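Report on one structure; see the data block that follows.
The values are calculated or read from the model by the stated rules, or taken from the named source; none is laboratory data. Since this is a predicted model, take the numbers as computed values, not measurements. A quick note on method: Cβ atoms are made from the backbone with ideal geometry, for glycine too, and the neighbour counts reach across all protein chains shown. Ligands, DNA and RNA are stripped out before the accessible areas are found, and what is left, the full protein with its side chains, is counted by its heavy atoms. Shrake-Rupley method; radii C 1.70, N 1.55, O 1.52, S 1.80 Å.
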Amino acid sequence: MKTWMVFILLTLSLFGDKLQEGVDTYKKGNKTKAAELFKKACEEGDAMGCYNLGLMYHDGDGIKQDKFKAVEFFQKACDGGEATGCTNLGAMYADGDGIKQDKFKAIELYQKGCDGGNPMGCSNLGFMYNNGNGIKQDFSKAAEFYKKACDGGEAMGCTNLGLMYAKGEGIKQDIKRAKMLFGKACDMHYEDGCHNYKFLKEQGY
């Protein structure tokens, strides 16, 4: 099962003329111009402008791919309070994606993303605790962060917490709760959640 999605879609913000103009320009297909506008928005202190530009550099979306630039702009976004920038930068450190792998740094950034309200940051942090990945394995912490992710609308958090309940992994086994969590993930159109829900239903739960 996929444990995290590194990047999210370009996000529309209501703040900042340059940012809004950049989003509109991006939607019209002029990505080079959109990147210029996002850069101006970033220079004016709009963290979402930094984030969007980082995303474009990471994916080579309309501009030449440059992971170093992606790191730079995700860091600026994170420093500016855009929690998704923290989470995405954490994922780059966790995977060694265009940057030297540093799981301790990844955990720090996931925590910052989670604290900033990004549920994917919570889900990723839960995964690290669940697997003892760069940090001492702690099932209680994993469940805590998966729950935060799930409550925030992150389907993978619901699914991973459901798996812990289904297996009784570091938590008291509760198949009915697992099924409920898988169902919640399925309602968010997450395929693994649907598969697990269907499996438990076929088992008579």
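See the values below:
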{"quantity": "Rounded accessible area of Ser140 (nearest 10 Å², 1.4 Å probe)", "calculated": "80 Å²"}
{"quantity": "Members of Lys112/Lys147; Lys27/Lys69; Lys67/Lys148; Lys33/Lys69 lying beyond 28 Å, as alpha-carbon distances in this model show", "calculated": "Lys67/Lys148"}
{"quantity": "Gain on full stretching of the segment that runs from Met188 to Glu43 - 0.36 nm per residue minus C-alpha separation", "calculated": "48.6 nm"}
{"quantity": "Relative contact order [Cα under 8 Å, 6+ residues apart], the range 31-125, whole percent", "calculated": "19 percent"}
{"quantity": "Gyration tensor verdict on the range 107-165 (Cα atoms; rounded if a/c is under 1.5, prolate if a/b is larger than b/c, oblate otherwise)", "calculated": "oblate"}
{"quantity": "Spatially proximal aspartates and glutamates relative to Lys103 (Cα-Cα < 17 Å; intrachain offsets below 8 disregarded)", "calculated": "Asp95, Asp138"}
{"quantity": "Sequence of His189, His195, His58 when ordered by accessible area, the most exposed leading, probe 1.4 angstrom", "calculated": "His189, His195, His58"}
{"quantity": "Asn131-Gln203 pseudo-label distance in nm [points 7 Å out on the Cα-to-Cβ vector]", "calculated": "2.2 nm"}
{"quantity": "Those residues of the range 180-205 whose amide nitrogen sits under 19 Å from the label point placed on Ile171, 7 Å along Cα→Cβ", "calculated": "180-201, 205"}
{"quantity": "Dipole magnitude of the range 22-114, debye to nearest 20 (Cβ charges: Lys/Arg +1, Asp/Glu -1, about Cα centre)", "calculated": "200 debye"}
{"quantity": "For the range 52-109: rounded, prolate or oblate by the Cα gyration tensor [a/c cutoff 1.5]", "calculated": "oblate"}
{"quantity": "Whole-percent pair-distance distribution, where bins are 10 Å wide, for the alpha carbons of the range 115-205", "calculated": "21, 50, 26, 3"}
{"quantity": "Neighbour-limited loop hits for trypsin sites (Lys or Arg not before Pro), the range 78-135 (at most 10 other Cβ within 10 Å; DSSP other than H, G, I, E, B)", "calculated": "Lys100"}
{"quantity": "With DNA, RNA and ligands ignored, accessible area of Leu163 (1.4 Å probe; Å², nearest 10)", "calculated": "50 Å²"}
{"quantity": "Virtual spin-label span in nm between Gln65 and Ile99, 7 Å along Cα→Cβ", "calculated": "1.7 nm"}
{"quantity": "Rg over Rh, two decimals, the chain (C-alpha only, Kirkwood Rh)", "calculated": "1.04"}
{"quantity": "Extreme residue, positive dipole direction of the chain, given options Phe68, Ile135, Tyr93 (C-beta unit charges)", "calculated": "Ile135"}
{"quantity": "Reachable aspartates and glutamates, given that their alpha-carbon falls under 15 Å from the alpha-carbon of Lys184 and they are not under 8 places away in the same chain", "calculated": "Asp151, Glu154, Asp192"}
{"quantity": "The chain - charge dipole about Cα centre, Lys and Arg +1 at Cβ, Asp and Glu -1, debye rounded to 20", "calculated": "540 debye"}
{"quantity": "Given charges at Cβ of Lys, Arg, Asp, Glu: the chain dipole, positive-most of Asn196, Gly121, Val23", "calculated": "Asn196"}
{"quantity": "Theoretical FRET efficiency, 1/(1+(r/R0)^6), r = Cβ-Cβ of Glu21 and Glu144, R0 45 Å, to 0.05", "calculated": "0.65"}
{"quantity": "Per residue solvent-accessible surface (Å²) - the range 10-80, probe of 1.4 Å", "calculated": "53 Å²"}
{"quantity": "Stretch gain in nm, segment Glu108-Asn30, where the contour uses 0.36 nm per residue and the Cα spacing is subtracted", "calculated": "24.5 nm"}
